[in-house]
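Derivation of every value follows stated rules applied to the coordinates shown; laboratory data play no part. Nothing here was measured: the structure is a model prediction, and the numbers come from that model. All Cβ positions, even for glycine, are placed from backbone atoms using ideal geometry, and neighbour counts span all protein chains on display.
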Amino acid sequence: MRKEIVIGPIIMLVIWGILTLGGYINPLLLPNPIDVAKNLWGLLSTGVVFHDLGLTIYRTLAGYAFAALIGIPLGLFVGYARKVYYSFEFVIDFFRSMPSPVLVPVAMLFFGLGDASKIAIITFTCGLINLINSMYGVTQCKKVRVMVAKTMRAKPVQIFRHVVFPEALPRVFVGLRLTLSLALILAVVTEMFTGTTNGLGRRIYDAHDTYNIGEMYACIVLIGLLGYTLNKVFIGIENKIVHWNRS
């Protein structure tokens, strides 16, 4: 691990400490980092946050998995079948322009207030991103390699498997990396506003309502650490699978 990775967090903590401990910001608006750290340690040491943390992780990963399983194959198919691509170009662009929050009432109507509605929103939004990135990964495949494969009398299935898919894979992983962070964001947001009683999003909302500002920021920090961890794990997997595209 590079030593430079700690520079940014240290600078952020120093600025945060100066602004709060120096009295430049009202502690009711932003507690100092020491108080937030104490609240975070209290949540973790007592274990009261683990149930909410587990539910948030479950909703994030469930929606993320469904989005990958649905969006990637559809994107590869649409990108490879040009007529299908042109037929559904308007539909894809229509839904990609739609903000995710407008789907919350629709998901609640169809799936209720439980986990299904949250997972459905994550699946639809992230699945669309996976579809688009997979589709463009196929359409941006180098034509020369495809032509060479055709001159060697390779079958369409062989061309897709040995030429198109490997070239599209880096773009597929771009979509997967983007949707991993987005899935966590959507999970937390839907926990706040869809009538649920658990999850990190709900805990943040309840802490805000009761003016438990220290716990609110502690949960926000915990979500940031969770997102960072998921991203690092994903990068490790990506480097092993798409090893030829490592920077």
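What the table below lists for this structure:
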quantity	calculated
Taking N as its residue count, the alpha carbon Rg of the chain over 2.2 N^0.38 Å	1.24
Average projected area [Cα convex hull, the stretch 47-125], square nanometres	6.1
Translational diffusion of the stretch 1-113, µm² s⁻¹ [Kirkwood Rh, Cα pairs; Stokes-Einstein; 20 °C; 1.002 mPa s]	110
Residue-averaged [θ]222 nm for the chain, counting only DSSP H segments that reach four residues, each worth -39500 (n - 2.57)	-25500 deg cm²/dmol
Lys pairs under 22 Å by Cα in the stretch 65-211, provided they are eight or more residues apart or on distinct chains	7
Candidate aspartates and glutamates - alpha carbon under 16 Å from K38, same-chain residues fewer than 8 apart omitted	E215
Among L109, P33, I213 the positive-end extreme of the charge dipole of the chain (Cβ point charges)	L109
Student exercise, the chain dipole from Lys, Arg, Asp, Glu Cβ charges, in Debye to nearest 20	1660
Cα gyration tensor of the stretch 140-247 - equivalent ellipsoid semi-axes, whole Å, descending	45, 14, 8
Whole-Hz couplings from phi, Karplus 6.51/-1.76/1.60, listed for the stretch 111-122; x for Gly and Pro	10, x, 9, x, 5, 4, 5, 5, 5, 5, 5, 5
